[in-house]
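The values are calculated or read from the model by the stated rules, or taken from the named source; none is laboratory data. As the structure is a prediction and not an experimental result, all values here were calculated from the model. Glycine also receives a Cβ, built like all others from the backbone with ideal geometry; neighbour counts cover every protein chain displayed.
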Amino acid sequence: MKKLFASCMLLVAPCSPAMAATGQANMSAIVMFLVFIVGTMMITYWAARRTRTTSDFYTAGGSITGFQNGLAIAGDYLSAASFLGIAGMVYVSGFDGMIYAIGFLFGWPVVMFLIAERLRNLGRYNFADVTSYRLKQTPMRVLAASASLLIIALYLIAQMVGAGKLIVLLFGLNYNVAVVIVGSLMMIYVTFGGMTATTWVQIIKAVLMLFGATLLAFLVLALFKFSPDAMLAEAVRVHPTGVEIMAPGSQVSSNPLNALSLGLGLAFGTAGLPHILMRFFTVSNAKEARRSVIYASSFIGYFYLLTFIIGFGAVALLVRHPEYFHTGPNGQIDLINGLIGGTNMVAVHLSNAVGGSLLLGFLAAVTFATIVAVVAGLALAGAAAISHDLYANVFARGRATEAQQMRISRLSTIMLGVLAILLGILFENQNVAFMVGLAFAIAASANFPVLVLSIAWRGCTTRGATIGGFLGLATATIWVVLSSTVWVDVLGFAKAIAPFPNPGIVSIPLAFFSIWLFSVLDNSAQAKRERHAFDALMVRSETGLGATVAVAH
């Protein structure tokens with residue numbers, strides 16, 4: 001279980017030795033990579049002409065439809081780890097791998113029924129607008145910005161390392177140069193195009209990812225005459241564990257507390273990820289926000305079904321290709337440990353096996369597009385936290401002009417880009433997989449409890465939300481640092497202090513309990529005014545009366 005996110009993260013480039021060794025495969029990837037760059041630069045130029053105000057920069061002026069936003073959310077959510085990592089987990093663990101895919105998907109009903117509509121009705125640019133609707137601006141925005149920037153930094157490190165390694169293998173460039181290229185592209189998209197450019201980059205990436213995975217799954221099933229039964233029977237026959245590959249629950253039963261903790265983090269972390277929540281302000285009203293979730297859930301669920309076919313198809317087919325394995329002295333193949341590049345590479349090897357160098361190059365380019373789109377979304381959320389939350393509402397106390405906010409937003413994007421480049425270089429040879437788990441845990445422990453209780457419980461006060469949110473943030477962070485994932489694997493100590501890696505089972509209830517306890521004990525005049533303001537919040541959150549509607553140019 002502690003290696004879950006190691007399997008789900010893009011720690012090495014999605015490029016097989018076969019790709020590196022054949023100029024044709026590399027050329028296919030390079031051409032498609034350049035086509036993507038040129039196309040997205042044209043979109044950025046078009047978007048830059050439409051980005052004049054902070055509303056345009058942060059939320060595309062509310063001009064995105066529910067369908068478009070659903071695709072963009074899917075593009076934000078379906079990182080390279082989803083494609084490579086989940087397929088690799090199915091390849092190794094069989095049906096067990098799908099449990100984690102379901103865990104990632106489970107967070108969307110939470111978003112739809114608890115968050116999406118109220119978020120759009122109450123907020124303007126990001127979820128900190130919602131938590132500070134009736135609570136004090138300064139502590140709420142400082143808390144939101146602190147958690148959001150930490151989550152964004154963790155995601156940025158993982159994505160930058162993966163993208164840098166990918167470009168190294170595509171172009172043969174120095175790793176540091178590759179990371180600078182990725183960071184520079186992200187800064188261009190966000191600084192000039194804002195949310196409009198970022199949204200369309202994410203839409204294009206989502207379409208490419210869904211098309212590529214669909215094509216790969218189609219080609220796999222075609223080899224078995226479109227019979228899933230035949231594919232699964234062959235996978236059972238060749239897999240080292242035999243029929244156990246179809247038995248769910250072995251990894252869960254090995255450490256139930258950690259499994260439950262992981263499930264809580266995945267389920268509630270989605271509803272606290274700042275770059276995901278920010279997307280609900282790009283639509284015109286709550287109805288379109290709900291439609292966004294429905295479309296996003298459909299696209300994401302469909303994608304994870306494809307990873308099921310890809311993972312089991314890789315088990316059944318790759319054994320026929322010894323060139324993808326480190327073979328033993330007698331030519332024997334270790335299906336799990338002998339795969340060149342590790343199990344994260346199963347989808348890449350499979351694409352070469354069933355579609356040749358052209359499909360391999362396409363999927364490599366799509367993986368790069370995936371990383372750039374996710375990085376752009378993260379940078380935009382970070383810029384909003386710095387400019388809108390910290391500068392405009394904490395330091396300037398609401399007196400910042402549109403021009404000042406736009407200038408700070410663009411400067412923030414450049415700062416985040418430079419930070420991402422530096423972190424990508426610093427963590428080049430480090431195991432950064434734990435950062436994904438920590439990001440979800442922080443989102444579930446700090447952002448989610450404060451967001452839910454501030455809009456759903458009359459008794460929630462600023463004191464309770466601030467103390468509970470920071471306790472959840474600190475507990476999740478310290479727990480992961482003291483777990484085997486960091487304490488042993490990264491820092492090199494002999495034994496972990498925390499009993500299991502995922503903190504959600506401790507940090508999430510602690511955050512909720514702390515918010516409740518310190519809110520109940522708060523009898524200040526400020527707390528009474530905040531409780532009295534709950535009625536107005538409920539009316540607006542349920543009806544949308546008075547909600548800010550940005551008008552597109």
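Tabulated data
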| item | result |
| --- | --- |
| Qualifying position, being in contact with a His (Cβ under 7 Å, 6 or more places away or on another chain) and either outside any helix (DSSP H, G or I) or within 30 Å of residue 233 (Cα to Cα) (or both), among 335, 317 | 335 |
| Residue within region 161-177 that is within 27 Å of residue 284 (Cα to Cα) and surrounded by 20 or more Cβ atoms within 10 Å (Cβ to Cβ) present | no |
| Unique residue being more than 30 Å from residue 44 (Cβ to Cβ), of a type outside the set (Val, Ile, Thr) and in contact with a helix residue (DSSP H, G or I) (Cβ under 6 Å, 6 or more places away or on another chain) when the list is 260, 216, 208 | 260 |
| Residue that is modelled with the lowest pLDDT, among those in region 347-358 that are in contact with a Leu (Cβ under 7 Å, 6 or more places away or on another chain) and of a type outside the set (Gly, Ala, Ser) | 348 |
| Test for residue 356: is it free of Cβ contacts under 8 Å to residues at least 12 places away in the same chain, among the small types (Gly, Ala, Ser) and under 30 Å from residue 321 (Cβ atoms) | yes |
| Residue selected from region 63-99 under the condition in a helix (DSSP H, G or I) and hydroxyl-bearing (Ser, Thr, Tyr), by the criterion surrounded by the fewest Cβ atoms within 10 Å (Cβ to Cβ) | 82 |
| Count - residues of region 257-306 that are farther than 18 Å from residue 507 by Cβ and not β-branched (Val, Ile, Thr) | 26 |
| Selection count where residues are in a loop (DSSP other than H, G, I, E, B), out of contact with any helix residue (DSSP H, G or I) (no Cβ under 8 Å at 6 or more places or on another chain) and either surrounded by 20 or more Cβ atoms within 10 Å (Cβ to Cβ) or among the polar types (S, T, N, Q) (or both), scope region 484-512 | 0 |
| Close pairs (8 angstrom Cβ cut-off, 6 or more residues apart or separate chains): of a type in the set (S, T, N, Q) in region 287-301, surrounded by fewer than 18 Cβ atoms within 10 Å (Cβ to Cβ) anywhere | 297/109 |
| Residue under evaluation residue 305, criteria (1) without any contact (Cβ under 8 Å) to a residue 12 or more places away in the chain; (2) more than 20 Å from residue 230 (Cα to Cα); (3) not in a loop (DSSP other than H, G, I, E, B), criterion not met | (2) |
| Region 361-410: number of residues that are within 30 Å of residue 211 (Cβ to Cβ) and without any contact (Cβ under 8 Å) to a residue 60 or more places away in the chain | 0 |
| Only listed residue being assigned to a helix (DSSP H, G or I) and under 21 Å from the mean Cα position of the chain (by Cα), chosen from 392, 373 | 373 |
| Considering residues of region 515-553 that are of a type in the set (S, T, N, Q) and at pLDDT below 95 only, the residue nearest to residue 455 (Cα to Cα) | 541 |
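Conditions tested, residue by residue: (1) hydroxyl-bearing (Ser, Thr, Tyr); (2) not in a helix (DSSP H, G or I).
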| position | (1), (2) |
| --- | --- |
| 387 | yes, no |
| 397 | no, yes |
| 404 | no, no |
| 411 | no, no |
| 418 | no, no |
| 421 | no, no |
| 452 | no, no |
| 460 | no, yes |
